[in-house]
Every structure is written in structure tokens, then in C-alpha cells.
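Written out below as C-alpha cells is the structure these notes cover.
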Amino acid sequence: MDFLEKAIVGFVTKFSKDIQVDLNPELVVFYRENRTIQRKPVIYVEKKVGKPKLLGFGDDFYMNENHLRIDVFDFKEVETTTSLDPQECLTAFFRSCIRDLTGLGALVKPRIIVRNIDSLRNLLPENTESVVETALIESGARECVFVT
């Protein structure tokens, strides 16, 4: 890393507050400074052929027969019951949480500190860290750090 690159990273880090994420198959908790968002790892989409419209997240959505409930951490279930890409579902969930926590106007991408990744080992593919990191980067993270 050259001097200019180090200076840019240092500058961005100074103005970007880290986000901490506690992963759990039942509840995901996002923390930033004194703000917290808790959500069940669920999204709701339209039941239709092609690219369905995303309708809601967590448990705050009233579901009827035209909607499908998807557990974003259960890749095997998503693949066998829908034509959706499980990685895209996970990314959509994380993007929603990050946007709600940081606001729509966040210009600096945050560093995300991920805890409890082991709780997802039985649900996600073998490369669990890579799957979660890819989804978080695509959702707006600058970088991901996994801690135990």
C-alpha cells in the first residue's frame, strides 16, 4: 500500500463509523454508535415468474397468498423452493439493514465487524465467511472483519 492509498484509507476511516453485526439464524442485530436494529433474517417477495419484487423484511410485513417468505440464511431451502438466487436474497436483506441503520444519505462506506459467524455453518455453504463477506460488500460495506 503506497502513501496516497494509506492516506485515503485513513481519511475514510476517520469519517466512517464501524457497524457491528451479531449473526444468528433467529435474529440479526446491527449496532452503530448508540443505534441498534434487530431483524429476523427473512425477506418477503412477490410470487411470480421472473425477477420478483422485494416487498418487506423481518417480521414487519403482513403476508398473503401473493407473497413468499424467504429465510435468507437457509440457502438449501431457497434453492429448492424458489428460482431466486440465495446470494441475492442475503444481499437484499443486509442492504436493507445497513440502509436503515446508516440512513439513505450515507456517503462513506462503513467497515463491518461480524460476530457469531459459526452459528450459520449448517445453513450456508461451506465457504460461510466468503458468502457473508460478499453479501455485505455488495450491500455497501467497505470491508468486513470477522471476530469470535
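The values are calculated or read from the model by the stated rules, or taken from the named source; none is laboratory data. All of these numbers come straight from a predicted model, not from anything done at the bench. All Cβ positions, even for glycine, are placed from backbone atoms using ideal geometry, and neighbour counts span all protein chains on display.
The residues on offer are GLU77, GLU138, and the sole one that is charged (D, E, K, R) and farther than 20 Å from GLU26 by Cβ is GLU138.
Rundown of residues vs (1) buried (at least 16 other Cβ atoms within 10 Å of the Cβ); (2) among the hydroxyl-bearing types (Ser, Thr, Tyr); (3) modelled with pLDDT of 90 or more, yes/no style:
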| residue | (1), (2), (3) |
| --- | --- |
| THR81 | no, yes, no |
| GLN87 | yes, no, yes |
| PHE93 | yes, no, yes |
| ASP100 | no, no, no |
| GLY105 | no, no, no |
| LYS109 | yes, no, no |
| ILE117 | yes, no, yes |
| PRO125 | no, no, no |
| VAL145 | no, no, yes |
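If you go through segment 111-146 and keep only what is out of contact with any Phe, Trp or Tyr (no Cβ under 8 Å at 6 or more places or on another chain), outside any helix (DSSP H, G or I) and among the polar types (S, T, N, Q), you end up with ASN116, ASN122, ASN127. Against the test of being without any contact (Cβ under 8 Å) to a residue 40 or more places away in the chain and either in contact with a helix residue (DSSP H, G or I) (Cβ under 8 Å, 6 or more places away or on another chain) or within 18 Å of VAL42 (Cβ to Cβ) (or both), the options ARG121, ARG111, ARG95 yield a single qualifying residue, ARG121.
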